[in-house]
Amino acid sequence: MPSVSNISVGALVAGSAASKARHGMNESIARLSTGMRSVYGGDAAGQSVANTLQARSMSWAIAARNAEDGISAAQVAESALLEIAALAQRLRELGMQADNAALLQTASDVAAMNAEASAIGTAITGIITKATFNGVGLLNQTGNSNKTHAIGVTDDGGTVTLTTGVTLGGITTAAAAGADGTADTTLTRVAISLGHIAAGISALKGRQAVAYSASANLAAAASRVEDTDFAKETANLTKNSVLNQSAMAMVAQANQAQSAILAVLQ
């Protein structure tokens, strides 16, 4: 091999190796610091898959929260219905007491019973009209339709129907006489509504459990695709650091060897 003085082939080779090692070090540092395997062009296709999995996971998490909102709304309706049932029970008592009007001594006794019956009817109507969840009415006083709500429980917009009340008509009463019949009607409709609510809560709890499980498992799948393997990248960083130091040392050795040509000239 001829001895020339204008180029050091060894230094160029060693410098190229040092540059490659530095790139490897930078890649490992970026992946270790960000926790993402796809940086520096690591795995673009894998990152695309991970993005989709992560989006699905987040959507399922929202679906689980939707189900929780539905359960909360059902519990508000349930509480309202239980209070209506308690008032209806008292209304029935007044109706039965009014059946004994022949033994009541004064008109004020009858007036007192009627006033209480009217107040109970007004209270029940108020509960029905004002029982809301986030401003949405939960009970239905008039009409023949049930009060239903569509609750989103899947990551693709799938819903379940929550029924929070059947029509609760025939509540308001101005007299105690005959109030027991009104109370019986109310108690029957409250019982049906409570049955719908219990079924809805059970269904929502089941769908919520599925949503939470799907969210967690999709997040885990995304993590396996996009997260940095810290053991592997630490090993790569160490390897490239050693290679970089060795290459730079070889650059120095190559440059020193080239100086032997100057000795000949001297």
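The table below gives the values:
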{"quantity": "Residues of the range 231-253 satisfying the condition of being touching a helix residue (DSSP H, G or I) at 6+ places or on another chain (Cβ under 6 Å) and closer than 15 Å to residue 16 by Cβ", "calculated": "240, 243, 244, 247, 248, 250, 251"}
{"quantity": "Meets criteria (touching a Lys or Arg at 6+ places or on another chain (Cβ under 6 Å) and modelled with pLDDT of 80 or more) for residue 67", "calculated": "yes"}
{"quantity": "Answer from 194, 243 - the residue that is at pLDDT below 85 and either under 30 Å from residue 98 (Cβ atoms) or part of a helix (DSSP H, G or I) (or both)", "calculated": "243"}
{"quantity": "Boolean, residue 132 is at pLDDT below 90, among the β-branched types (Val, Ile, Thr) and surrounded by fewer than 18 Cβ atoms within 10 Å (Cβ to Cβ)", "calculated": "no"}
{"quantity": "Set 214, 221: member being in the same structural domain as residue 118 (by TED's automatic domain parsing) and more than 30 Å from residue 40 (Cβ to Cβ)", "calculated": "214"}
{"quantity": "Counted residues, the range 133-161 - those being in contact (Cβ under 8 Å) with a residue 12 or more places away in the chain and closer than 29 Å to residue 91 by Cα", "calculated": "13"}
{"quantity": "Selection count, the range 175-190, where residues are at negative phi and either surrounded by 18 or more Cβ atoms within 10 Å (Cβ to Cβ) or not in a helix (DSSP H, G or I) (or both)", "calculated": "10"}
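Condition check ((1) under 46 Å from the mean Cα position of the chain (by Cα); (2) in contact (Cβ under 8 Å) with a residue 40 or more places away in the chain) across all residues:
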site	(1), (2)
25	yes, yes
31	yes, yes
35	yes, yes
44	yes, no
56	yes, yes
84	yes, yes
114	no, yes
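Conditions (1) in the same structural domain as residue 153 (by TED's automatic domain parsing); (2) assigned to a helix (DSSP H, G or I); (3) out of contact with any Ser or Thr (no Cβ under 8 Å at 6 or more places or on another chain); (4) of a type in the set (A, V, I, L, M), marked per residue:
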residue: 27; (1), (2), (3), (4): no, yes, yes, no
residue: 49; (1), (2), (3), (4): no, yes, yes, yes
residue: 53; (1), (2), (3), (4): no, yes, yes, yes
residue: 63; (1), (2), (3), (4): no, yes, no, yes
residue: 66; (1), (2), (3), (4): no, yes, yes, no
residue: 82; (1), (2), (3), (4): yes, yes, yes, yes
residue: 97; (1), (2), (3), (4): yes, yes, yes, no
residue: 102; (1), (2), (3), (4): yes, yes, yes, yes
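The values are calculated or read from the model by the stated rules, or taken from the named source; none is laboratory data. None of these values were measured; they are calculated from a predicted model. Virtual Cβ from ideal backbone geometry, glycine too; neighbours counted across all protein chains shown.
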